[in-house]
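Note sheet for the following structure.
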Amino acid sequence: MASEKHFKYVILGGGVAAGYAAREFGKQGVQPGELAIISKESVAPYERPALSKGYLFPQNAARLPGFHTCVGSGGEKLLPEWYTEKGIELILSMEIVKADLASKTLTSADGATFTYETLLIATGSSTIKLTDFGVQGAESNNILYLREIDDADKLVAAMQAKKDGKAVVVGGGYIGLELSAALKINNFDVTMVYPEPWCMPRLFTAGIAHFYEGYYASKGINIVKGTVASGFDADANGDVSVVKLKDGRVLDADIVIVGVGGRPLTGLFKGQVEEEKGGLKTDTFFETSVAGVYAIGDVATFPMKLYDEPRRVEHVDHARKSAEQAVKAIKAKESGESVAEYDYLPYFYSRSFDVAWQFYGDNVGETVLFGDNDPAAAKPKFGTYWVKDGKVIGVFLEGGSADENQAIAKVARAQPPVDDVEALGKEGLDFATKI
């Protein structure tokens with residue numbers, strides 16, 4: 001007979017949002033046995049960004065328990081013992097295959113059932129795989145993806161097995177840029193391949209990308225644009241050896257990393273809850289159309305107050321903040337109190353080699369490049385303003401100090417008016433620092 005367990009609160013998922021939700025439950029007060037986290041991963045929640053950065057360092061690499069949540073935002077490190085002390089049940093290596101929201105029941109792959117009163121859906125995203133599209137040879141060994149710690153361990157093992165070899169990175173977004181840098185630091189010969197005219201096109205302008213592509217090239221990374229991987233050859237062991245490109249070119253490869261995007265994991269809830277823009281539709285407190293069911297992090301499409309429209313955000317900062325908002329709202333509802341509306345300012349950042357950028361706001365409208373975006377600059381500092389309807393609504397900055405990054409965040413939130421776009425380019429960062 002398969003087991004059945006009941007909890008007052010269940011967090012489904014074991015990523016960043018789950019860890020921050022657990023911490024907030026701990027702060028707000030939760031009785032032993034009331035809360036469970038059900039995760040298909042084998043470890044307690046951790047800060048995912050470490051996997052594409054510190055985890056891959058050739059020396060002094062980050063390892064658990066060093067980056068369990070909530071250290072990524074300067075908070076307490078929640079070790080497995082913390083959950084035990086709080087009476088929070090961590091149910092790991094447990095895959096839920098069915099969710100029945102009407103009967104408030106979750107069923108696992110091995111037939112165990114879990115019932116709840118309040119559910120927080122924190123299932124995150126899955127990586128899009130080339131095998132999903134039937135790309136020839138995409139099932140070969142050492143064609144790798146990065147989402148979870150198991151993926152990172154496979155990558156580390158492959159890097160050791162193919163030491164100083166050739167790596168091809170498919171995709172020019174976040175993962176592509178960060179992993180190309182990590183592989184280069186580990187002395188791999190690295191080629192990036194992506195179909196777009198420049199890297200990170202969802203955020204970067206041509207002027208921003210000019211810097212990073214030039215900077216990466218100066219580090220010895222080869223960049224191949226305007227084409228895609230159309231097939232792979234493998235050696236007698238089944239290890240990938242060749243990447244075939246759609247434009248006819250062929251690249252030797254010992255390791256291939258694919259970063260072509262993700263999909264929010266909402267399949268368990270299809271037809272049971274309202275959806276919007278690829279996510280589960282929520283209110284400002286992250287409650288879905290089903291009472292007592294909340295969605296946080298990547299899977300939530302929520303009302304973004306600043307732009308007065310529903311948005312879905314895939315970023316660690318929102319995963320943390322949405323988790324805290326949902327738990328505060330759940331606890332406030334129980335005590336008949338209210339919490340403030342979620343007023344999120346979009347924020348993205350990245351670090352690789354010796355460069356680091358931050359972006360705040362919305363990247364729509366006319367763009368104004370300021371500073372020096374020469375990839376050969378000794379101490380690069382440049383940025384871009386996005387201007388829409390006569391107001392600055394987004395700001396990007398490379399090489400900013402902590403104060404300067406705070407200044408651009410203030411600008412993106414305040415949306416100051418701009419009369420003369422040309423003058424704004426000349427004034428550059430000073431415009432932000434004086435606001």
Identity of the residue in the stretch 280-309, in contact (Cβ under 8 Å) with a residue 12 or more places away in the chain and acidic (Asp, Glu), that ends up nearest to Ile330 (Cα to Cα): Glu287
Qualifying residue in the stretch 225-247 (condition: among the aliphatic types (A, V, I, L, M), within 25 Å of the chain's Cα centre (by Cα) and open to solvent by less than 30 Å² (accessible area, probe 1.4 Å)): yes
Subset tally (residues that are without any contact (Cβ under 8 Å) to a residue 24 or more places away in the chain and at positive phi) for the stretch 243-279: 2
Check on Ala44, under 19 Å from the mean Cα position of the chain (by Cα), more than 23 Å from Ser352 (Cα to Cα), open to solvent by less than 20 Å² (accessible area, probe 1.4 Å) and among the small types (Gly, Ala, Ser): yes
One residue from Pro416, Pro380, Pro375, Pro346 being open to solvent by less than 20 Å² (accessible area, probe 1.4 Å) and over 29 Å from Asp283 (Cβ atoms): Pro416
Test set (1) open to solvent by less than 50 Å² (accessible area, probe 1.4 Å); (2) not assigned by the TED database to the domain that holds Thr107 - Glu341 fails condition number: (1)
Residues satisfying the stated conditions in the stretch 105-142, i.e. more than 30 Å from Lys8 (Cβ to Cβ) and of a type in the set (Phe, Trp, Tyr): Phe133
Test for Val242: is it outside the structural domain of Ser42 (by the TED database), of a type in the set (Val, Ile, Thr) and in a strand (DSSP E or B): yes
Among (1) among the small types (Gly, Ala, Ser); (2) assigned to a loop (DSSP other than H, G, I, E, B); (3) open to solvent by 10 Å² or more (accessible area, probe 1.4 Å); (4) closer than 25 Å to Ala157 by Cβ, the one test that Gly33 misses: (4)
Test: residue in the stretch 292-311 that is closer than 30 Å to Gly231 by Cβ, assigned to a loop (DSSP other than H, G, I, E, B) and out of contact with any Phe, Trp or Tyr (no Cβ under 8 Å at 6 or more places or on another chain): no
Leading residue by the ranking (nearest to the chain's Cα centre (by Cα)) among those in the stretch 248-283 that are exposed (fewer than 14 other Cβ atoms within 10 Å of the Cβ) and not in a strand (DSSP E or B): Gly278
Boolean, Tyr385 is touching a strand residue (DSSP E or B) at 6+ places or on another chain (Cβ under 6 Å), within 30 Å of Val10 (Cβ to Cβ) and either of a type in the set (Ser, Thr, Tyr) or not assigned by the TED database to the domain that holds Phe204 (or both): no
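This table checks each residue for (1) over 20 Å from Pro201 (Cβ atoms); (2) touching a helix residue (DSSP H, G or I) at 6+ places or on another chain (Cβ under 7 Å); (3) open to solvent by 20 Å² or more (accessible area, probe 1.4 Å).
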residue	(1), (2), (3)
Ala326	yes, yes, no
Thr384	no, yes, no
Lys410	yes, no, yes
Gly428	yes, no, no
Lys434	yes, no, yes
Residue selected from the stretch 75-85 under the condition open to solvent by less than 50 Å² (accessible area, probe 1.4 Å) and part of a loop (DSSP other than H, G, I, E, B), by the criterion nearest to Ala22 (Cα to Cα): Leu78
Selected residue (only one of Gly400, Gly383, Gly394 is within 23 Å of the chain's Cα centre (by Cα) and over 27 Å from Arg311 (Cα atoms)): Gly400
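Residue-by-condition table, conditions (1) among the hydrophobic types (A, V, I, L, M, F, W, C); (2) open to solvent by 40 Å² or more (accessible area, probe 1.4 Å); (3) touching an Asp or Glu at 6+ places or on another chain (Cβ under 7 Å); (4) without any contact (Cβ under 8 Å) to a residue 24 or more places away in the chain:
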position	(1), (2), (3), (4)
Ala18	yes, no, no, no
Glu24	no, no, yes, no
Gly54	no, no, no, yes
Pro58	no, yes, no, no
Ser73	no, yes, no, no
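The values are calculated or read from the model by the stated rules, or taken from the named source; none is laboratory data. Just so we're clear, the structure is a prediction, and the values are computed from it rather than from any experiment. Cβ sites come from the backbone with ideal geometry, for glycine too, and all protein chains shown count toward neighbours. Note: accessible area is taken over every heavy atom of the protein model, side chains too, but ligands, DNA and RNA are not part of it. Shrake-Rupley method; radii C 1.70, N 1.55, O 1.52, S 1.80 Å.
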